[in-house]
Amino acid sequence: MEKIKFFDDNGKKVINFRILDEEAEKIAQSLFFVSGRNKNGVSSSQLRKFFYEIKSLEKKYDYEKNWDTVKPLVKMIKSKVAYANTEKKVGRFNKPYYDKFTEFINTGIYSIEDEKDLKAFSKMFEAVVGFYYGLGGDSVK
């Protein structure tokens, strides 16, 4: 699995703007399909659930300033998204979209090595959510 390049510099001070722009938009486009009455994809509630989970871990770090207590909780998100992606829960028509969502989450989690990466992934996820709704993802039921 290739890691997401969150930063343009080794000091992790300059965020890679592409993850907030074209990469985020591409991911958002892969999460749903709306054509006439056909609406398949990742539900907005699932998207928000995992986005808020990332944000809450970011806030937990900001409060505690202890990466060692937050890192295991970040890594545990992979198991939660795996459970959310079972065919029984999402249905066979939505499964390909949840597979893309799972790939996005897993790649992001794999790429997080410290609190700066967590904050960058949180920003990227926020951009994905924005594009998702901007592209019409809120109409997915």
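The values are calculated or read from the model by the stated rules, or taken from the named source; none is laboratory data. None of these values were measured; they are calculated from a predicted model. Positions of Cβ are backbone-derived with ideal geometry, glycine not excepted, and every protein chain shown enters the neighbour counts.
Points worth noting:
- Any pair with Cβ under 7 angstrom, 6 or more apart, that starts in the range 18-33 at a residue that is closer than 13 Å to F121 by Cα and ends at one that is outside any helix (DSSP H, G or I): I19/I4; I19/F6
- From the options K12, K39, K71, K75, residue that is touching a Lys or Arg at 6+ places or on another chain (Cβ under 7 Å) and more than 27 Å from G134 (Cβ to Cβ): K12
- Output for the range 49-68, where each listed residue is surrounded by fewer than 16 Cβ atoms within 10 Å (Cβ to Cβ), of a type in the set (D, E, K, R) and in contact (Cβ under 8 Å) with a residue 40 or more places away in the chain: K55
- Just so you know, in the range 102-141 the residues that are modelled with pLDDT under 95 and outside any helix (DSSP H, G or I) include one that is surrounded by the fewest Cβ atoms within 10 Å (Cβ to Cβ), and it is K141.
- Every listed requirement among (1) at pLDDT 95 or above; (2) out of contact with any helix residue (DSSP H, G or I) (no Cβ under 7 Å at 6 or more places or on another chain) is met by Y61 save one, (2).
- Any chance I4 is of a type in the set (A, V, I, L, M, F, W, C), at pLDDT 95 or above and in a loop (DSSP other than H, G, I, E, B): yes
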